[in-house]
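Structure first, then comments.
The values are calculated or read from the model by the stated rules, or taken from the named source; none is laboratory data. This structure is a prediction, so every number in the text was calculated from the model and none was measured. For neighbour counting, all protein chains shown are included, and Cβ atoms are generated from backbone atoms with ideal geometry for every residue, glycine included. Calculation scope for accessible area: heavy atoms of the full protein, side chains included, ligands and nucleic acids excluded. Shrake-Rupley method; radii C 1.70, N 1.55, O 1.52, S 1.80 Å.
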2 protein chains.
Amino acid sequence: MATLSAPSNHSPNEDAEALRKAFEGWGTDEKTVITILGHRNSNQIQQIRKAYEGIYNEDLIKRLESEIKGDFEKAVYRWILEPAERDAVLANVAIKSGKNYNVIVEISAVLSPEELLNVRRAYVKRYKHSLEEDLAAHTSGHLRQLLVGLVTAFRYVGDEINPKLAQTEAGILHESVKEKKGSHEEAIRILTTRSKTQLIATFNRYRETHGTSITKKLLDEGSDEFQKALYTTIRSFNDHVKYYEKVVRDAIKKVGTDEDALTRVIVSRAQHDLKVISDVYYKRNSVLLEHVVAKETSGDYKKFLLTLLGKEE
Amino acid sequence: MATLSAPSNHSPNEDAEALRKAFEGWGTDEKTVITILGHRNSNQIQQIRKAYEGIYNEDLIKRLESEIKGDFEKAVYRWILEPAERDAVLANVAIKSGKNYNVIVEISAVLSPEELLNVRRAYVKRYKHSLEEDLAAHTSGHLRQLLVGLVTAFRYVGDEINPKLAQTEAGILHESVKEKKGSHEEAIRILTTRSKTQLIATFNRYRETHGTSITKKLLDEGSDEFQKALYTTIRSFNDHVKYYEKVVRDAIKKVGTDEDALTRVIVSRAQHDLKVISDVYYKRNSVLLEHVVAKETSGDYKKFLLTLLGKEE
């Protein structure tokens, strides 16, 4: 369930005109920007971008960049890109910064195969390199194998599972992931090629056999980038709602708040299942997500996030 | 340039009726099968399949399988599948037989990124596994890394090249491929992620620096599957026409002829550039491809291949 509330009928032209008016004169009327863009779904926003460009011969995104600033600007920018474009940008930022490969794992594990392809198309179009090309050039060893395998997969989607395979591969994952012996390459093969349904069957089989989930105690002080990526991979395939809840929880717990992570989850999921993530958050933390967000953020950034959360003040 | 000659106007219904008539009565009228199917392009054949199914409530492919036999059947079967379906079948046969990974390399190097995606879609649809899933489960080590990287790539297509990168990466390829030291993983990364234009620039840079092509003397008696696949990869990216000429030459040279390889090249390229391949063949061997094919094959199989070569007797 989404948290975004968007009217089913809106006029792209009127929205474009209202935005233009908000930009004109002394300062920017941020309230209007938030009220409009925070209440339109991604299709509607693409129509507004088109209408704006048509009427004013100006790129709405560029204009916004000159009008607003900081975390608010970043959040709005991410929100108004097409979803595939946004993920391509997020992936590129992650690769260039050389950290937070969570983004790479997320898009691979959460998107459908065709959606993932759209991200790869958007990436090539924008950067004139392929996603896997940039990723492979910035990583090495097992981390590279895992991440490149994840983004390049085109998995089978469907209910057919092979229970015997789940059994065998739960064993392989145990050896590699938990015992840290055996071949990491086989664990990587499994995680980068099997269908999501098959993987979940394998994780379940693991729990039945070992009485504990595969991710339990997987991370410790000495974990390297590869092990962290492995952990994120398993978690996000297994239950991406719980996974996102943890991303938000960690982002908020951090001293100073990790705005990038918070923005990413809210902006990426507002139109999809942010309501569910928010419910899981409440269940886990006994505090409403919108209250924490209101407490930890401020200004227009706060107002925008709360609007996407369906809880504007 | 294609060798296939197909009329621009044809009636799918009339073709379907003529085929049905060819199947009826004593034996099959192979001549009609060849005349029709050997003179239709893949779009037209898909229309005939549809018309046939509509009129007779019978799958044309299944009917053909019961009517004709041997190499002729195999060639017709491969010819009348949609190109993406055909490549998916060829890849699956190669994976299951555990040899001839050339097919895997070919589709990765010769098809456009979107065509390659179509093969992967067709594969998942048909086998309920992904292409990379089956491939990875049947291979290991560097061979797996190379082949899986090849089929899963979605490369940048365009003219932009980076000459400095070509220089550096020619060096990396030299170390890994020719000196057999350094990291194979880096050679694999380059070959599986860079754009075709960039790769060709790298191969050219290699030739300028070392005075010889990178594939020269790459293969020797002791070459393993990985080195063979590496060789095929470089050759088919560098110049797929020359590469196909060699596949045909080797297929014919083989004692007893390698019908699978011969069929594969003719069927895959008849509608594209078989004329060019055939010209290069003549230049290299001073004998016409159609003469060799006529000499080395027989019966309806021969007639069908010659028809696709545009040289029916």
Residue pairs within 7 Å by beta carbon, gap of at least six or interchain, first lying in the range B:26-47 and over 17 Å from B:Arg78 (Cβ atoms), second of a type in the set (D, E, K, R), listed first then second, are B:Thr28/B:Glu67
Within the range B:21-60, restricting to residues that are of a type in the set (D, E, K, R) and at pLDDT 95 or above, the one that is most open to solvent (accessible area, probe 1.4 Å) is B:Lys50
By residue number, the members of the range B:117-140 that are open to solvent by 10 Å² or more (accessible area, probe 1.4 Å), more than 8 Å from chain A (Cβ to nearest Cβ) and under 21 Å from B:Arg189 (Cβ atoms) are B:Thr139
Q.
Yes or no: the range B:147-157 includes at least one residue that is in contact (Cβ under 8 Å) with a residue 24 or more places away in the chain, on the phi < 0 side of the Ramachandran plot and surrounded by fewer than 16 Cβ atoms within 10 Å (Cβ to Cβ).
A. yes
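For the range A:102-114, does any single residue satisfy the condition of being within 11 Å of chain B (Cβ to nearest Cβ) and open to solvent by less than 40 Å² (accessible area, probe 1.4 Å)? Even if it seems obvious, please write down each step before you answer.
Pass one, the range A:102-114, residues within 11 Å of chain B (Cβ to nearest Cβ): A:113-114.
From what is left, the residues that are open to solvent by less than 40 Å² (accessible area, probe 1.4 Å) are A:113.
Checked against the condition, which is being within 11 Å of chain B (Cβ to nearest Cβ) and open to solvent by less than 40 Å² (accessible area, probe 1.4 Å), the range A:102-114 yields at least one hit.
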**OP:** Determine, yes or no, whether A:Thr202 is more than 14 Å from chain B (Cβ to nearest Cβ), among the polar types (S, T, N, Q) and without any contact (Cβ under 8 Å) to a residue 40 or more places away in the chain.
**Re:** no
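Does A:Tyr281 fit the bill of being at pLDDT 95 or above and either in a loop (DSSP other than H, G, I, E, B) or aromatic (Phe, Trp, Tyr) (or both)? Let's see the steps before the verdict.
On the way: at pLDDT 95 or above: yes; either in a loop (DSSP other than H, G, I, E, B) or aromatic (Phe, Trp, Tyr) (or both): yes.
Criteria met by A:Tyr281.
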Being surrounded by 19 or more Cβ atoms within 10 Å (Cβ to Cβ) and free of Cβ contacts under 8 Å to residues at least 40 places away in the same chain narrows A:Ala18, A:Ala91, A:Ala75, A:Ala84 down to just A:Ala84
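Residues that are open to solvent by less than 60 Å² (accessible area, probe 1.4 Å), part of a loop (DSSP other than H, G, I, E, B) and modelled with pLDDT of 95 or more: does the range A:218-231 have at least one? Talk me through it step by step, then tell me what you get.
Filtering the range A:218-231 down to residues open to solvent by less than 60 Å² (accessible area, probe 1.4 Å) leaves A:218, A:223, A:226-227, A:229-231.
Now restrict to residues that are part of a loop (DSSP other than H, G, I, E, B): A:218, A:223.
From what's left, modelled with pLDDT of 95 or more: none.
No, there is no match, as no residue in the range A:218-231 is open to solvent by less than 60 Å² (accessible area, probe 1.4 Å), part of a loop (DSSP other than H, G, I, E, B) and modelled with pLDDT of 95 or more.
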Note on the range A:178-189: residues surrounded by fewer than 22 Cβ atoms within 10 Å (Cβ to Cβ) and either away from chain B (no Cβ under 12 Å) or closer than 20 Å to A:Ile104 by Cα (or both) are A:Lys178, A:Glu179, A:Lys180, A:Lys181, A:Gly182, A:His184, A:Glu185
The one condition B:Leu111 fails out of (1) touching a residue at least 24 places away in the same chain (Cβ under 8 Å); (2) more than 23 Å from the chain's Cα centre (by Cα) is (2)
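Can you tell which of B:Ile188, B:Ile214 is modelled with pLDDT under 95 and in contact with a His (Cβ under 9 Å, 6 or more places away or on another chain)? Spell out the reasoning first.
Values: B:Ile188 fails: modelled with pLDDT under 95.
Result of the check over B:Ile188, B:Ile214: B:Ile214.
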Every listed condition ((1) closer than 28 Å to B:Thr192 by Cα; (2) under 23 Å from the mean Cα position of the chain (by Cα); (3) not assigned by TED's automatic domain parsing to the domain that holds A:Val119) holds for A:Asp134 save (3)
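Can you confirm whether the range A:161-170 contains a residue that is among the hydroxyl-bearing types (Ser, Thr, Tyr) and within 9 Å of chain B (Cβ to nearest Cβ)?
Checked the range A:161-170: no residue is among the hydroxyl-bearing types (Ser, Thr, Tyr) and within 9 Å of chain B (Cβ to nearest Cβ).
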Checked against (1) touching a helix residue (DSSP H, G or I) at 6+ places or on another chain (Cβ under 9 Å); (2) small (Gly, Ala, Ser); (3) more than 10 Å from every other protein chain (Cβ to nearest Cβ), B:Ala153 satisfies every condition except (3)
In the set B:Lys246, B:Lys275, the lone residue that is assigned to a helix (DSSP H, G or I) and free of Cβ contacts under 8 Å to residues at least 12 places away in the same chain is B:Lys246
For the range A:203-217 the number of residues that are crowded, with 19+ Cβ neighbours inside 10 Å and either more than 24 Å from the chain's Cα centre (by Cα) or under 22 Å from B:Arg144 (Cα atoms) (or both) is 2
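Hey, can you tell me all the residues within the range A:195-215 that are in a loop (DSSP other than H, G, I, E, B) and on the phi < 0 side of the Ramachandran plot? Before the answer, list the steps.
So the first thing to find is which residues in the range A:195-215 are in a loop (DSSP other than H, G, I, E, B), and the list is A:195, A:211-215.
Residues satisfying the conditions are A:Ser195, A:Thr212, A:Ser213, A:Ile214, A:Thr215.
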